[in-house]
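The values are calculated or read from the model by the stated rules, or taken from the named source; none is laboratory data. Every value quoted in this text rests on a predicted model; they were computed, and no experiment measured them. Positions of Cβ are generated from backbone atoms using ideal geometry, with glycine treated the same way; all protein chains shown enter the neighbour counts.
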Amino acid sequence: MIADNWTDYKIIATGNGQKLERWGDVILLRPDPQVIWPASFDLASYKGLNALYKRSSSGGGQWKTLKHFPDEWTINYGKLRFGIKPMGFKHVGLFPEQAANWDLMTELIKSTKAKSAQDHPDPKRGAFAGHPSIEGNGVLNGREIKVLNLFAYTGGASVACAAAGASVTHVDAAKGMIERAGENTRLSGVKGIRLIVDDCFKFVSREIKRGNKYDAVIMDPPSFGRGPTGETWKIEDNLFDLVKLTAGVLSNNPLFFLINSYTTGLQPIVIDNILNLALKGFKGTHKGYELALPTDEGILLPCGCSGLWQANQANKK
């Protein structure tokens, strides 16, 4: 899956463990462990480079400014707007390769919305007559499409799904990321996103007890982490159990289940197998795939992997 619809972002060049990127009008140089080939020129000497991230021998690192640029700025992806801000551990608040998944989820939600419009026509009041509380929103069999986004970070996927017409519950344990997601929500002018600071595993467990259901799930779990009371999360030990648990909040007629991972060594077929095994009770298809970004050098930069379960066409009515 190649995220090649960007205009405000591009990879200029890669090499020697680094990638040279343009984010709007700002050019940054960041480390990338996948780049194990030599650079065709000294990337740090690129004319117009604003800042580079330098790793420390003791761990972590810091940004070095070469040319003045704003502390924060915005970029567009179609009608969506996102705030960009260089942060610790080389992050800037957005993963541009995820745009390929945003497009995919947008199409699934909008096509379901269009199908519902055909199944519930009304020449006087539009496609959603009889459902005044959800007129104009994405619906599934006359219902609002509810999306649960776990480990949701700064909300790229949440904003994309809400813009497509879904109602989104956005959950992340980091308050700072929730605040950034709120800002992205405001920048894009979308509504219908509920932002929640919580441990994702515990939130899902409570939703099951409350009987709340969702038509779609997105999750982007970390490789390793610790909970608020010291619980240890390891993706290789806990991912299957989380997916199996989260299947318990799916509606009777779900639309999709998307898993993202940036864990080195976790292959797309592993995620595909997890979806296959954990969602056996639902009728649909599944696939694992790499995400990639094109570069001006004419190559593709691998950027983690995803797995998607989606309902059979016959079920999306």
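A few comments on the model shown:
- Residue selected from region 286-317 under the condition outside any strand (DSSP E or B) and modelled with pLDDT under 95, by the criterion surrounded by the most Cβ atoms within 10 Å (Cβ to Cβ): 316
- Residues that are over 18 Å from the mean Cα position of the chain (by Cα) and assigned to a strand (DSSP E or B) were ranked within region 258-285; the one that is surrounded by the fewest Cβ atoms within 10 Å (Cβ to Cβ) is 285.
- Residue match in region 86-94 (condition: on the phi > 0 side of the Ramachandran plot and either surrounded by 14 or more Cβ atoms within 10 Å (Cβ to Cβ) or modelled with pLDDT of 95 or more (or both)): yes
- Subset of region 1-38 that is outside any loop (DSSP other than H, G, I, E, B) and of a type in the set (S, T, N, Q) - its residue that is nearest to residue 69 (Cα to Cα): 18
- Criterion (aliphatic (A, V, I, L, M), closer than 25 Å to residue 3 by Cα and in contact (Cβ under 8 Å) with a residue 24 or more places away in the chain) met by exactly one of 275, 239: 275
- Residues that are under 13 Å from residue 301 (Cα atoms) and touching a helix residue (DSSP H, G or I) at 6+ places or on another chain (Cβ under 7 Å) occur in region 18-37; there is at least one.
- Residue selected from region 208-257 under the condition assigned to a strand (DSSP E or B) and in contact with a Lys or Arg (Cβ under 9 Å, 6 or more places away or on another chain), by the criterion modelled with the lowest pLDDT: 233
- Candidates 42, 32, filtered to the one that is among the charged types (D, E, K, R) and more than 23 Å from the chain's Cα centre (by Cα): 42
- Residue pairs meeting the criteria (Cβ under 6 Å; at least 6 apart or on separate chains; first part of a strand (DSSP E or B), in region 196-207; second not acidic (Asp, Glu)): 196/171; 197/175; 197/178
- Boolean, residue 128 is out of contact with any Leu (no Cβ under 7 Å at 6 or more places or on another chain), crowded, with 21+ Cβ neighbours inside 10 Å, in a loop (DSSP other than H, G, I, E, B) and at pLDDT below 95: yes
- Here residue 67 does not qualify as farther than 17 Å from residue 8 by Cα, in the same structural domain as residue 288 (by TED's automatic domain parsing), surrounded by fewer than 18 Cβ atoms within 10 Å (Cβ to Cβ) and not aromatic (Phe, Trp, Tyr).
- Selection over region 39-57 of residues that are surrounded by 10 or more Cβ atoms within 10 Å (Cβ to Cβ) and either touching an Asp or Glu at 6+ places or on another chain (Cβ under 6 Å) or part of a loop (DSSP other than H, G, I, E, B) (or both) gives a count of 7.
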